[in-house]
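Undergrad: To start, I am sharing the structure in question, which I have written as structure tokens.
The values are calculated or read from the model by the stated rules, or taken from the named source; none is laboratory data. This structure is a prediction, so every number in the text was calculated from the model and none was measured. Neighbour counts run over all protein chains shown; Cβ positions are idealised from the backbone, glycine included. Areas reflect the complete protein model, heavy atoms only, side chains present, ligands, DNA and RNA absent. Shrake-Rupley method; radii C 1.70, N 1.55, O 1.52, S 1.80 Å.
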Amino acid sequence: MVLIQIQQISTAKTLLISASKLATQLGKEFGLLSFVATDELISERENQLNGLLNETIQAKIIVRNSNESALTEICEELEASFLFIQLPNNQLRSIRSQLKFCRDLRIPYLFFKDSFGELDLKRVLLPIGFLEEELEKAQFAAAFGRFCNSEIKMLLANDYGSKAAANAEKMKSLFDKFDFKYSLDKATKDSFKVEQESVQLAENMNAGIIIVSASRDYGLDDIIFGPKEYHVVNKSTIPVLLVNPRGDLYALCD
């Protein structure tokens, strides 16, 4: 299931269209998730969500008397394979709390601001650093290549060592198996800043989405100032897909 977590119904139209198209391309069920404070509000919220749908967009409606802390449990219950998270323009300060609730997700999750246009998957931007978990991102880039005919724009960190380059070579081997269209560019920043550079270059590269690995652990600076993914999501003018660094992630293309 491709699942949307809707926070503000009145501004969710573009997100709804984007997620619905992706669900169709991936051949997945489509669902809308919303949280309410009491059981008495469930029926009203279900009616509001149904009002978003039409003959061309059908979805399963899920409304829970809970909050975002139950997100991982609900995604596992619904066997969701992809999560969109709405970021209303007046709630961008909530990015850090949303990231906290997503720490244990076993699926990729995409932050979608209300200011974005419809999701464009013609070009996927893939920053590549030296960490081993960077390889997890390749399977999701490959899924976009297979099901959405996406071109993959690889941005290799400018490191002294060879680990980032080795990661890129492994990704290229995967993409070659499927005969994907891809390119490899060298960043000016190292592995610690390549994701921030990808945000700056996204427009010039005509990318429609950036795939980023979430932090494995939070250091003191991450706790005080926010982890790297917070700054990437906050500054990005296109959707950012985050992948938690776990060895047992579900594959989008299963």
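Undergrad: Using modelled backbone amide H atoms (1.01 Å from N, in-plane), which distant-in-sequence or interchain residues come within less than 5 Å of residue 152's amide H?
TA: Here the answer is 124, 181, 182, 183, since their amide H atoms fall under 5 Å of that of residue 152.
Undergrad: Could you tell me what percent of the DSSP beta bridges with both partners in the chain are antiparallel, to the nearest 5?
TA: Numbers: 3 of 39 bridges.
In the chain, DSSP labels about 10 percent of beta bridges as antiparallel.
Undergrad: Step through the residues of the range 128-133 one at a time and calculate ³J(HN,Hα) from phi using the Karplus curve (6.51 cos²θ - 1.76 cosθ + 1.60, θ = phi - 60°), rounding each to whole Hz and writing x for Gly and Pro.
TA: Values per residue, Gly and Pro as x: 10, x, 8, 6, 4, 5 Hz.
Undergrad: Round to a whole number: what % of the accessible area of the chain belongs to carbon and sulfur, probe 1.4 Å? Intermediate results must be reported in sequence, preceding the final value.
TA: On the way: 5570 of 12150 Å².
That fraction is 46 percent.
Undergrad: What number results when the radius of gyration of the chain, computed over Cα atoms, is divided by 2.2 N^0.38 Å? Before the final figure, lay out the partial values.
TA: Numbers: Rg = 17.8 Å, N = 254, 2.2 N^0.38 = 18.0 Å.
Here the answer is 0.99, to two decimals.
Undergrad: Moving on. Just to be sure I understand: of the beta bridges DSSP finds with both ends in the range 1-134, what percent are antiparallel, rounded to 5? Each step should come with its number before you reach the end.
TA: Working: 0 of 19 bridges.
If we restrict to bridges inside the range 1-134, about 0 percent are antiparallel.
Undergrad: Leaving ligands and nucleic acids out of the surface, order 41, 119 by accessible area at 1.4 Å, largest first. List each step's numbers first, then the result.
TA: Working: 41 70, 119 35 Å².
Largest accessible area first, the residues go 41, 119.
Undergrad: At residue 100 and residue 163, where each label point lies 7 Å from the Cα along Cα→Cβ, what is the point-to-point distance in nanometres?
TA: Placing both labels 7 Å along Cα→Cβ, they lie 2.9 nm apart.
Undergrad: While we're here: Under a straight-distance cross-link criterion of Cα-Cα below 17 Å, which lysines are reachable from residue 228, leaving out those fewer than 8 residues away in the same chain?
TA: The reachable lysines, counting only those whose Cα sits under 17 Å from residue 228, are 100, 137, 189, 193.
Undergrad: With every protein chain kept in the model, how would you rank 40, 133 by accessible area, 1.4 Å probe, largest at the top? Walk me through the numbers on the way to the answer.
TA: Details: 40 145, 133 25 Å².
Greatest to least solvent exposure: 40, 133.
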